[in-house]
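Notes follow the structure.
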Amino acid sequence: MRTYILKRLLLIVPTLLGAATLVFVIMRVIPGDVALLILGGDQGHVDEKQLVAMRQQLGLDQPLVVQFGTWLWGVVRFDFGKSLWTGQPVVEELLIRLPLSLELALLATLVSVLISIPLGMLAAVRQDTWVDYVVRVVSIGGLAIPGFWVGILCILFLVIFFGWGPPLEFTPPWVDPWTNFQMMVWPVVTVGYRYAAVTTRMTRSTLLEVLREDYIRTAWAKGLREQAVVIRHALKNSMLPVITLIGTEFAFLIGGLVVTETVFTLNGIGRFVVDAVAHRDYPVVQALIFLTAFSFVIVNLLVDLTYAWFDPRIRYR
Amino acid sequence: MATTALTHVRASAALAPRLTLGEETLKFIRRKPLGAAGAIIILALMAVAAFAEVLAPYDPYHADYGLQFARPSAEHWFGTDEFGRDLMTRIMYGARIALFVGFAASFAGCTIGGLLGVVSAYAGGKLDLLLERLMDILLAFPQLILALAIASILGPAVQNVVIAIAIPIIPRAARVVRATALSVKENVYVEAVNALGASRPRVVFQHIVPNVVAPYIIILTAQLGGAILAEAALSYLGLGSAEPTPSWGLMLSGSALSYAEKAPWLAVFPGIAISLGVFGFNLFGDSLRDALDPKLRKG
């Protein structure tokens, strides 16, 4: 196991390096002058002096190689410079917003797992009956309905019936659990529904595959009850791909956070991205995009390690 | 239609009589009712988009301040917005943008990705390794975040939205097509044309590409719904097309929620349009994949 962990850790280094390079390429090489964009140059006349000063502030007056080196060195030290909008270090701004997004992400994952595994199981066991059709339509629906619209409908409902107003400040659960719950419940539903839709489909299809295996036929043949066959024999063996999926769908989760936090005006990392884009705060945009890729890679590393821990065949390959 | 998925099918169904296109369609409708329902939604949407001028009752850009926030009625089925514009008309014109961006982005992304996948599989060696690494790196970025970053640099315009949505699709298509191309490459007939001295482009375009059409079509239809959703999300976040363009996502941003109490219909109908469109594409794509992929058929 130790060699496997080491090998996997070494493998993520080139991926992260590549991701850092790609972010740099997107932000600097794509036609368009960032300094000009920040000053609103696409809308009208810009003072030449201001432009030079802005380029200097961003380090855009230096050769591309030097810029790239500075960026990489910053990435290695986890120093992404200062926000152009607030003047605060990007990492500090990020840490303020992290607890909210983390709570939202964890709760949404939990809710979706609690909904999707029983539903997916039900659909697989009753394949091609009305139960299966209903579950499939609801889950395809979860993929079709935009997350932000689910959020808008929640707010619409809350505004019309309860005179709801957006929360002003994040209250952590350890300070006031009830206020925190009121604030988080609808965003969690919004993000969780979409997430659950994906996991339900995956649970259904892997369970369907497992249910056709020989050992399941054996389990049936020796006269086990349906419950024992499905839960003890089939579900256990179909969980591995679902665990992997929870990792890969992390990307969906991030996308969900971006729109959901915007709809509910929650001050999390997702909305930080949108705000940074709106304010043309490029150091922040650049850092956040790299950090989403970074967290995606880390989450998938953890998933792979769990997977290898569950299934020894993988780590000896 | 000589495709890998279909060659398996043909082999097993060699004794069955050849079906005409009409009969194939009927068979698809009978076997995959959900897929057929999806196809009907898509066709209806396309018709609305193509004939918006004829079908829409009003001008999508015409503001009438005497008619602000009119409730849904016989004259204005979906009501009017804060400028007194007819919401149903705007949603009908919105189908154009949604379909254009959806098709253009998925087509561009899947075609570029598919070609990269074929080249990667056929070339093998260092080029394959390099392209694979590059695709891995692209896959490390969540689709929406990558699109957001690209759109923010390129600026709000419809063609930029297409590019921003197409780029994250490339690695997804490349991966699927490469896997199929790898197995096609091992076929004896490829070895035969190689032995006959066919040029590399000839082998790739005449013999490998036609055989990866099935996974290409599958990934293309699978991405369509996602692309429409991404367009809606980007315009909702203010990075897609700008006012007064009738884009579904844009209709839901800002104004919809600020008038929630006064005019809830503004927040309801554009969302239904997005969901229905994506739902149609997903239903159709799912069934098409089931029909084209022999592994997923019920045995």
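The values are calculated or read from the model by the stated rules, or taken from the named source; none is laboratory data. For clarity, every value in this text was computed on a predicted model and none was experimentally measured. Quick reminder, even Gly has a Cβ in these numbers, built from the backbone with ideal geometry, and neighbours come from all protein chains shown. Side chains are part of the model used for accessible areas, which takes the heavy atoms of the whole protein and leaves out ligands, DNA and RNA. Shrake-Rupley method; radii C 1.70, N 1.55, O 1.52, S 1.80 Å.
Tell me, which residue of region A:270-295 that is in contact with a helix residue (DSSP H, G or I) (Cβ under 6 Å, 6 or more places away or on another chain) and of a type in the set (F, W, Y) is nearest to A:L9 (Cα to Cα)?
Per the stated criteria, the residue is A:F290.
Consider region A:74-93. How many of its residues are in a helix (DSSP H, G or I) and open to solvent by 30 Å² or more (accessible area, probe 1.4 Å)?
Qualifying residue count for the region: 4.
Does any residue of region A:94-105 turn out to be away from chain B (no Cβ under 11 Å), of a type in the set (V, I, T) and more than 30 Å from B:G38 (Cβ to Cβ)?
yes
Check B:T221 against each of (1) within 19 Å of the chain's Cα centre (by Cα); (2) open to solvent by less than 30 Å² (accessible area, probe 1.4 Å); (3) more than 26 Å from B:V176 (Cα to Cα) and name the one condition it does not meet.
Only one criterion in (1) within 19 Å of the chain's Cα centre (by Cα); (2) open to solvent by less than 30 Å² (accessible area, probe 1.4 Å); (3) more than 26 Å from B:V176 (Cα to Cα) is unmet by B:T221, namely (3).
Taking the criterion of being open to solvent by 70 Å² or more (accessible area, probe 1.4 Å), assigned to a helix (DSSP H, G or I) and away from every other protein chain (no Cβ under 14 Å), would at least one residue in region A:179-201 satisfy it?
The answer is yes, given that some residue of region A:179-201 is open to solvent by 70 Å² or more (accessible area, probe 1.4 Å), assigned to a helix (DSSP H, G or I) and away from every other protein chain (no Cβ under 14 Å).
Would you tally the residues in region A:94-109 being open to solvent by 50 Å² or more (accessible area, probe 1.4 Å), touching a residue at least 60 places away in the same chain (Cβ under 8 Å) and within 14 Å of the chain's Cα centre (by Cα)?
Qualifying residue count, region A:94-109: 2.
Condition (residue is touching a residue at least 24 places away in the same chain (Cβ under 8 Å), assigned to a loop (DSSP other than H, G, I, E, B), buried (at least 21 other Cβ atoms within 10 Å of the Cβ) and at the interface with chain A (Cβ under 10 Å from one of its Cβ atoms)) applied to region B:149-171: is it met by at least one residue?
no
Among the residues of region A:276-293, is there at least one that is open to solvent by 20 Å² or more (accessible area, probe 1.4 Å), closer than 21 Å to B:G226 by Cβ and within 9 Å of chain B (Cβ to nearest Cβ)?
no
Residue by residue through region B:224-277, note down the ones that are free of Cβ contacts under 8 Å to residues at least 12 places away in the same chain, within 8 Å of another protein chain (Cβ to nearest Cβ) and not in a helix (DSSP H, G or I).
Matches in region B:224-277: B:A260, B:E261, B:P264.
Can you tell me which residues in region B:49-65 are more than 16 Å from B:S247 (Cα to Cα), touching a residue at least 12 places away in the same chain (Cβ under 8 Å) and among the hydrophobic types (A, V, I, L, M, F, W, C)?
B:L55, B:A63
Scan region B:225-267 residue by residue and report those that are within 23 Å of the chain's Cα centre (by Cα) and charged (D, E, K, R).
Residue satisfying the conditions is B:E231 alone.
Can you name the condition, by its number, that A:Y133 falls short on among (1) facing chain B (nearest Cβ under 9 Å); (2) open to solvent by less than 60 Å² (accessible area, probe 1.4 Å)?
With respect to (1) facing chain B (nearest Cβ under 9 Å); (2) open to solvent by less than 60 Å² (accessible area, probe 1.4 Å), A:Y133 is out only on (2).
Among residues belonging to region B:188-213 that are within 22 Å of B:E132 (Cα to Cα) and free of Cβ contacts under 8 Å to residues at least 24 places away in the same chain, point out the one that is surrounded by the most Cβ atoms within 10 Å (Cβ to Cβ).
Among them, the one singled out is B:F205.
Conditions (1) aromatic (F, W, Y); (2) under 16 Å from the mean Cα position of the chain (by Cα); (3) surrounded by fewer than 24 Cβ atoms within 10 Å (Cβ to Cβ); (4) more than 10 Å from every other protein chain (Cβ to nearest Cβ), marked per residue:
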site	(1), (2), (3), (4)
A:P241	no, no, yes, yes
A:T244	no, yes, yes, yes
A:G256	no, yes, no, no
A:V274	no, yes, yes, no
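Could you list, in sequence order, all residues of region A:1-55 that are part of a loop (DSSP other than H, G, I, E, B) and either at pLDDT 80 or above or within 12 Å of another protein chain (Cβ to nearest Cβ) (or both)?
A:I30, A:P31, A:G32, A:D33, A:G40, A:G41, A:D42, A:Q43 - these are the residues of region A:1-55 that are part of a loop (DSSP other than H, G, I, E, B) and either at pLDDT 80 or above or within 12 Å of another protein chain (Cβ to nearest Cβ) (or both).
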